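The values are calculated or read from the model by the stated rules, or taken from the named source; none is laboratory data. Keep in mind that this is a model prediction, so the values were computed, not measured. Cβ atoms come from the backbone with ideal geometry, glycine included; neighbour counts cover every protein chain shown.
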Amino acid sequence: MTKGYAECRPEFQHRSETWMNLPVIRIRDVLATITMWRARARWRRELAVRSERELLDMGTCWSSIADEIGKPFWRS
């Protein structure tokens, strides 16, 4: 037996609600990406101003973080 209109309606509502939420989902994803980029940029700026002693305390040295500092904010 096929479904009647009343039985199909909740499925239709779910699909339309998902469709209407796509712009919200896209905006959330864009904001999350921007937040991640800002965190990377901040972390690389903080690494760049560390002294050699601080880097040694962290278990690294300037030559090993030079590549990381030189990356643009959008690259991980």
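Brief remarks follow.
- Members of the range 47-69 found to be in a helix (DSSP H, G or I), at pLDDT 85 or above and surrounded by 10 or more Cβ atoms within 10 Å (Cβ to Cβ), listed by number: Leu47, Ala48, Glu54, Leu55, Leu56, Asp57, Trp62, Ile65, Ala66, Glu68, Ile69
- Of all residues in the range 18-30 being of a type in the set (A, V, I, L, M, F, W, C) and exposed (fewer than 10 other Cβ atoms within 10 Å of the Cβ), the one that is nearest to the chain's Cα centre (by Cα): Val24
- Scanning the range 8-44 for residues that are modelled with pLDDT of 90 or more and either touching a helix residue (DSSP H, G or I) at 6+ places or on another chain (Cβ under 7 Å) or of a type in the set (Asp, Glu) (or both) returns Asp29, Arg44.
- Residues (more than 15 Å from the chain's Cα centre (by Cα) and of a type in the set (Lys, Arg)) located in the range 31-68: Arg44, Arg45, Arg50, Arg53
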